[in-house]
Amino acid sequence: MRRHPRFLTSLAVAVTLLVASACTGEDSNNGGEESAPDDVVYITAFGTFGREAYAWVALEKGYFEESNINVEIQPGTGTGDNIALVASGQAQFAVGDLTGVTLLRGQEAVEGITVVGAIHQTALIGFLSLAETGISSPQDLEGKSVADSTGSVGRLLWPTYAELAGINPESVELVDAAPPDLPQLLASGTVDAIGQFAVGVPLIEAAAQGQEANFLAYSEFMSDLYGNSLVTSTELAQNDPDLVERFRDALFRGLEYSIDNPQEAAEILATYVDTANVEVAAAELEIMESYTRQAGTPVGAIDEVRISQTIALLEATSAIPAGLTSEDVISTRLTVSG
Amino acid sequence: MQTESAARRAEEPAGPGRRRAAGSARRRGWAAAGSMVLLPLLGLAVGIGLWWGAKEVFDIQRISLPYPLEVLTELRDRPRALWENGRVTLWESVAGFALGSATGLVLGTAIAHSRIISQMTYPWLVAFNAIPKIALAPLLVIWMGFGTQPKIAMAVLLCFFPVVLATTSGLTSTPTELVELARSLDASRWQTFTKVRFPYALPQVFVGFKLAMPLAVIGAVIGEFSAGQEGLGIIIKQAGGLGNTPLAFAALAVLSLMGIGLYYAVVGVEWLLLPWVRATTS
């Protein structure tokens, strides 16, 4: 009988020690060891052009690794497809044109996504032509042919641009073409102008074997429009805002480094993408700097007022019905205010 | 009873005459083999000549049509971009072809043997085949992700229908007298299928395979156009977007070589598996 109390006491001590060591082990795991990195799929806006190099720069410079994120970069195919992949969960982050995202949210064509940062503070969309066509002002587009992809933001905002620029839209022949075909259509003289990003000028000039290109920017008349933005799912933004912030910050570090060091960024891109043209990529990043940075605004920041003004513009042009708010488009909690 | 070849040999003169005949046959064999290689190369040379001539005569811009030498330069200078990505497309094509062919064989056999299955599925197969599969490519990525699965799936979608059609057609064209002969020998349905119907259908089935193989390559490339980081489709898309038409053409050249190689691989397998077809047809 005297052994039983001793046995029970020993057992109690052993159990206590076991539980204490387990708790200590768990605490030391949280405090001392790093948790496994988060696996993330990121989709570029469109393809692997120089303007997308910042993602590979962030990867190469270790910004993602420092944030404990393991990133797989996939070439994108445009705003619509990109945000569909985020909404479906196949990707955690993607780049999409902010006006395009606003349009899709306003038309209720997609849900479950939210914007957490602006890649470009000013929209890059516009019309690009070769100097020999003589298109140097918006009025010169009258009587000319312009190719663009059907669902592009430029095509959707064309009536508004024409009205603000004082162009008769009926006098311009609009031709539908897929984005990869646009440089060839312009360089071959099949059309007089194409819808393009401002950063596409070096690529077009190279494709046209050195001919000079002219660019007419939408931002001349619609300065509130943002360009590309970083999109994630509302589920990830709610369940793991820390991951969203870490990824956003690492990506924008890569973006700042790229526009500050365009040549190096282009060379980094070429180490990851076999088909990259370093010269063209560096030139794209040099142009992109003035669209990405704005005096007094942190890189990546979003001004909620401008989002509201963009929504108002789209409502005024009947592109979306009334009722959309800025909270339906951006995550006010996770965006940096600008 | 003598076989045909024995009878022919019996008619030939003996001794030196037979040796001369044998030598003449070998020389004809070498000439035939040589023409199989030389004539296509000659055709290629003529095509390249016409291509270069068109560039010179019509002054076609590089972005629309590069010179042949520019394409060869890209083939030489970008081995990693072209051949390593070619391996990825090759794997996707072969995997898609294998899965598509297996699916087509099973479905074609079921349709040939069951009127209910035939009437239930055949019209919808035809309707599905009329859908432009490229429209499904982005959806496959949404459903399956960024790996090789959506590309293999696209290859399957493009290549299985010719195999279904060929299998059904082959299995339903067995001569009645052969089936009755099998029945008169108390063959079971399975024996009739394995020893009479299926062997008789094999030439038709291989026609389906030969149609399916290039379609599998096309399907893999369509899948790569939609998403991914590797494959000749990616190279073509990226090079085209950058206006680097010589590189895009170089990727197309590698794709063409791959398509030729895979097609003749199927022809080779047919030659090995169906010797009786050569012996009984002219």
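The values are calculated or read from the model by the stated rules, or taken from the named source; none is laboratory data. These figures come from a predicted structure and were not determined experimentally. FYI the Cβ positions are ideal-geometry reconstructions off the backbone, even for glycines, and counts take in every protein chain you see.
For the range B:109-135: of the residues being in contact with a Leu (Cβ under 7 Å, 6 or more places away or on another chain) and of a type outside the set (Val, Ile, Thr), which is surrounded by the fewest Cβ atoms within 10 Å (Cβ to Cβ)?
That would be B:Lys133.
As an exercise: evaluate B:Gly96 against (1) away from chain A (no Cβ under 14 Å); (2) closer than 30 Å to A:Glu205 by Cβ and give the number of the one condition it does not meet.
Here B:Gly96 meets the rest and fails (2).
Just give me the residues in the range B:232-251 being of a type in the set (A, V, I, L, M) and touching a Leu at 6+ places or on another chain (Cβ under 8 Å), in sequence order. I'd like the intermediate steps shown before the answer.
From the range B:232-251, those of a type in the set (A, V, I, L, M) are B:232, B:234-236, B:239, B:242, B:247-248, B:250-251; that's our starting set.
The answer is B:Leu232, B:Ile235, B:Ile236, B:Ala239, B:Leu242, B:Ala250, B:Ala251.
Assuming A:Ala53 fulfils every condition listed in (1) among the aliphatic types (A, V, I, L, M); (2) within 30 Å of A:Ile320 (Cβ to Cβ); (3) at pLDDT 95 or above apart from one, which condition is it?
The single condition A:Ala53 does not satisfy is (2).
Among A:Pro179, A:Pro159, A:Pro169, which is within 14 Å of chain B (Cβ to nearest Cβ) and not aromatic (Phe, Trp, Tyr)?
A:Pro179
What's the number of the condition B:Thr89 fails, among (1) in contact (Cβ under 8 Å) with a residue 40 or more places away in the chain; (2) within 29 Å of B:Leu257 (Cβ to Cβ); (3) polar (S, T, N, Q); (4) out of contact with any Leu (no Cβ under 6 Å at 6 or more places or on another chain)?
(4) is the only condition that B:Thr89 fails.
Sort out which residues of the range A:70-102 are closer than 17 Å to A:Ile302 by Cα and away from every other protein chain (no Cβ under 14 Å), and write them in order of number.
Those that are closer than 17 Å to A:Ile302 by Cα and away from every other protein chain (no Cβ under 14 Å): A:Val95, A:Gly96, A:Asp97, A:Leu98, A:Thr99, A:Gly100, A:Val101, A:Thr102.
With the requirement that a residue be away from chain B (no Cβ under 14 Å), surrounded by 15 or more Cβ atoms within 10 Å (Cβ to Cβ) and assigned to a helix (DSSP H, G or I), what does the range A:259-300 give you?
The answer is A:Ile259, A:Pro262, A:Glu264, A:Ala265, A:Glu267, A:Ile268, A:Leu285, A:Glu286, A:Ile287, A:Met288, A:Tyr291, A:Thr292.
Output the number of residues of the range A:36-65 satisfying the condition of being among the hydroxyl-bearing types (Ser, Thr, Tyr) and more than 14 Å from chain B (Cβ to nearest Cβ).
2
Pairs under 8 Å by beta carbon, first residue at pLDDT 95 or above in the range A:60-72, partner polar (S, T, N, Q), six or more apart or different chains?
A:Glu60/A:Thr271; A:Phe64/A:Asn70; A:Asn68/A:Ser35
If A:Glu245 satisfies all but one of (1) touching a residue at least 40 places away in the same chain (Cβ under 8 Å); (2) under 19 Å from A:Ala123 (Cα atoms), what's the number of the condition it fails?
(2)
When you check A:Asp242 against the structure, is it part of a helix (DSSP H, G or I) and not assigned by TED's automatic domain parsing to the domain that holds A:Ile194, yes or no?
Details: part of a helix (DSSP H, G or I): yes; not assigned by TED's automatic domain parsing to the domain that holds A:Ile194: yes.
Here the answer is yes, as A:Asp242 does meet what is asked.
State which residue is nearest to the other protein chains (Cβ to nearest Cβ) when the search covers only the range B:62-93 and only residues that are within 17 Å of A:Ala276 (Cα to Cα) and not in a helix (DSSP H, G or I).
By that ranking, first place goes to B:Ile63.
Kindly indicate the residue of the range A:182-219 that is more than 14 Å from chain B (Cβ to nearest Cβ) and in contact with a Gly (Cβ under 8 Å, 6 or more places away or on another chain) and also farthest from B:Gly241 (Cα to Cα) among those meeting that condition.
To start, the set of residues in the range A:182-219 that are more than 14 Å from chain B (Cβ to nearest Cβ) comprises A:192-193, A:195, A:198, A:212, A:214-219.
Cutting the leftovers down to in contact with a Gly (Cβ under 8 Å, 6 or more places away or on another chain) gives us A:195, A:198, A:215-219.
Details: A:Gly195: 14, A:Ala198: 15, A:Phe215: 19, A:Leu216: 21, A:Ala217: 21, A:Tyr218: 23, A:Ser219: 24 Å.
So the residue we want is A:Ser219.
Examine the range B:136-147 for a residue that is in contact with a Leu (Cβ under 9 Å, 6 or more places away or on another chain) and more than 14 Å from chain A (Cβ to nearest Cβ), and state whether such a residue exists.
no
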